[in-house]
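One structure is given here, and the rest of the page talks about it.
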Amino acid sequence: MSSSPQRTSESAETKKALFIDADPEVRAMLVNILDPLLWSVRHAPDNKAALVLAQAAHFDLILTSEKTPGKEDVELLRRIRRMRPHTRLIILAEESTPTEIIAAMREHAFSYFSRPFSLSALADMVHAAADGPCWDDGIEVLSATPDWIRLAASCDMKTAERLLQFMHEIADLPEAEADAVAMAFREILMNAIEHGGRFRTDQYVEISYVRAKHMVMCRVKDPGEGFTLDEIDHAAVANPEGDPARHVAYREAKGLRPGGYGVLLAQKLVDELIYDQKGNDVLLVKYLDVSPIENL
């Protein structure tokens, strides 16, 4: 009796990954994530060797070395995507600048991490890159300087997570303010893609980020019909006094995911949360290092 064909690491279903001079911590993390039955892994000592390998074969995932300056990794990305437009490349760098992050986004990097970064956050991003379907970018840079960035992003969760990581890298803020702005922006963005975009990949949210001397502002505009704060029964911000959990029952009845605290949380984290008349365009404003005006 003949046995069933054995699945090998070179089967037609095997995906290919390329890692450039990965340090021991990152390499160990990658070994734990990428199933050797599903992934064939190559290693390159530097970007020059990686480009030669990428010219010879398609890689589903490429991870750069944090020892290489971000601008060199962006150039590698540019050259690879000219040949293979849908390559998912994650840039690791020792440090970064907003200009480098913007360049990476323009060239359609899958993500960007600079030190110090969380290995668990990087692992989640590698999972997203490894497990996703055939991918196109989902993030478009409409206009960008280090102080004023305008983007359009597809209304799906994976694109949102990628966008949040890019914005984390771009934000040049003190730690406390950075955490507050990041959390508030995340909540408003998730509301926009869920309730405005209905998690439809053919719908887009528009995002602006402005960094001034004493203020940072984020704008999120979704493609939905809008709302007013007194008619969103799915959100905690609309709960009547004395019934702080009313929205929970409403969400359960409508089959919505647990949550509903986004607007309320964002209001607590930033100094201004301003909706337009339609309700699908919101500004988040956080003031920075504003000293009281002395009486003359």
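Couple of notes before you dig in:
- Taking amide H atoms as placed 1.01 Å from N in the peptide plane, the amide H of S114 lies under 5 Å from those of A93, each 5 or more residues away in sequence or on another chain.
- Here's the picture: a label point sits 7 Å out from the Cα of D172 along the beta-carbon direction, and within segment 79-105 the residues with their amide nitrogen under 18 Å of it are 93-105.
- Taking Lys and Arg as +1 and Asp and Glu as -1, the other residues whose beta-carbon sits under 10 Å from that of R211 total -1.
- In terms of its C-alpha gyration tensor, segment 101-146 has an oblate overall shape, because the principal axis ratio a/c (a ≥ b ≥ c, square roots of the eigenvalues) is not below 1.5 and a/b does not outweigh b/c.
- Cα gyration tensor shape of segment 111-231, rounded if a/c is under 1.5, else prolate or oblate by comparing a/b with b/c: oblate
- Entry note, segment 39-144: relative contact order of 25 percent, from Cα contacts under 8 Å with a spacing of 6+ residues.
- Cross-link pairs beyond the 28 Å C-alpha cut-off, checked among K15/K158; K16/K67; K48/K158; K16/K158; K48/K213: K48/K158; K48/K213
- Entry note, segment 167-230: relative contact order of 26 percent, from Cα contacts under 8 Å with a spacing of 6+ residues.
- Protection proxy ranking for 33-42, 64-73, using the average of other Cβ atoms within 10 Å per residue and placing the highest first: 64-73, 33-42.
- Nonlocal amide H pairs with K15, under 5 Å, H built at 1.01 Å: W39, S40
- Least to most buried among F199, F227, F59, F110 (fewest other Cβ within 10 Å first): F199, F227, F59, F110
- Between M215 and L288, the built amide H atoms are under 5 Å apart, and every one of these is 5 or more places off in sequence or on another chain.
- Peptides 275-281, 74-80 ordered by packing proxy, namely the average of other Cβ atoms within 10 Å per residue, highest first: 74-80, 275-281.
Values quoted throughout were computed directly from the atomic coordinates according to the rules given, and no laboratory measurement underlies them. All values reported here derive from a predicted model rather than from experimental measurement. Ideal geometry is used to build each Cβ from the backbone, glycine not excepted, and the neighbour counts take in all protein chains shown.
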